[in-house]
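Written out below as structure tokens is the structure these notes cover.
The values are calculated or read from the model by the stated rules, or taken from the named source; none is laboratory data. As the structure is a computational prediction, the values presented were derived from the model and not from experiment. Quick reminder, even Gly has a Cβ in these numbers, built from the backbone with ideal geometry, and neighbours come from all protein chains shown.
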Amino acid sequence: MEGYYNLNELSLMSGFTTRTLRNYLNQGLLKGEKTDGAWRFCAEEVDRFFSEPFVKEGLRIKQSAVVFDYLADRNRKSARACVMLDLPASLSAGRSISDLFCEQMSRAADVVFKFDWDNGVCRVILSGAEDQVAAIMKAFYDAKSEA
């Protein structure tokens with residue numbers, strides 16, 4: 001449903017496991033609604049959750065770990081890529097950007113995706129198989145040029 005994120009998309013964006021997110025739901029730190037057995041979260045709730053100080057710090061740690069892991073791996077057996085984009089964007093534009101990347105991630109088997117919006121800037125991090133990262137970036141730039 002447009003304007004909503006499911007538990008897996010929230011996990012993709014944040015790097016928190018679905019189990020951790022369910023714990024946050026049980027503790028009342030994250031609010032969503034369960035429809036037909038599936039959790040869904042409105043964009044405003046995701047923004048509020050990501051703005052919580054301890055969540056914001058957790059997001060930064062998870063994002064840094066993706067980049068550090070990429071840099072530390074010197075024994076690659078296949079072509080890998082790591083891309084970090086900082087995109088000035090309003091909150092609504094940031095939501096559109098995260099939607100596009102979440103949709104693209106459904107087609108990517110070997111890519112890690114992290115997303116954050118803070119103070120008018122979206123940070124997107126992709127790390128994984130070079131061809132898959134390139135395909136996601138192409139889809140992003142194609143959509144950007146159409147807008």
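Search region 100-122 for residues being of a type in the set (D, E, K, R) and under 9 Å from the mean Cα position of the chain (by Cα), and hand back the single one that is surrounded by the most Cβ atoms within 10 Å (Cβ to Cβ).
Once the filter is applied, the top-ranked residue is LYS114.
Failed condition for TRP117, given (1) assigned to a helix (DSSP H, G or I); (2) modelled with pLDDT under 90; (3) within 24 Å of THR20 (Cα to Cα), with all others met?
So the condition that TRP117 fails would be (1).
Working carefully through the options ASP73, ASP99, ASP36, ASP69, find the one that is charged (D, E, K, R) and in contact with a Ser or Thr (Cβ under 8 Å, 6 or more places away or on another chain).
One residue alone meets the criteria, ASP69.
Which of the residues belonging to region 38-82 are under 15 Å from ASN8 (Cα atoms) and either in a helix (DSSP H, G or I) or at pLDDT below 90 (or both)?
Within region 38-82, ALA43, VAL46 qualify.
Can you list residue pairs whose Cβ atoms sit under 6 Å apart, with the first residue in region 76-91 being farther than 16 Å from VAL112 by Cβ and the second being part of a strand (DSSP E or B) and modelled with pLDDT under 95? Count only pairs 6 or more apart in sequence or on different chains.
That search, which allows pairs on different chains as well, returns ASP86/VAL121; ASP86/ARG123; LEU87/CYS122; PRO88/VAL121; ALA89/CYS122.
Looking only at region 1-22, count how many residues are over 16 Å from PHE115 (Cβ atoms) and of a type in the set (Asp, Glu).
Number satisfying all stated conditions: 1.
Restricting attention to region 15-69, which residues are crowded, with 16+ Cβ neighbours inside 10 Å and of a type outside the set (A, V, I, L, M, F, W, C)?
Those that are crowded, with 16+ Cβ neighbours inside 10 Å and of a type outside the set (A, V, I, L, M, F, W, C): GLY15, TYR24, GLY32, ARG40, GLU45, GLY58, LYS62, GLN63.
Can you name the number of the only condition in (1) surrounded by fewer than 16 Cβ atoms within 10 Å (Cβ to Cβ); (2) within 14 Å of the chain's Cα centre (by Cα); (3) closer than 24 Å to LYS144 by Cβ that LEU91 fails?
Condition not satisfied by LEU91: (2).
Considering only region 87-104, I want to know if a residue exists there that is assigned to a strand (DSSP E or B) and at pLDDT 90 or above.
The answer is yes, given that some residue of region 87-104 is assigned to a strand (DSSP E or B) and at pLDDT 90 or above.
Would you check which residues across region 52-75 are touching a residue at least 12 places away in the same chain (Cβ under 8 Å), over 14 Å from ARG123 (Cα atoms) and either out of contact with any Leu (no Cβ under 9 Å at 6 or more places or on another chain) or polar (S, T, N, Q) (or both) and list them?
GLY58, ALA65, ASP69, TYR70
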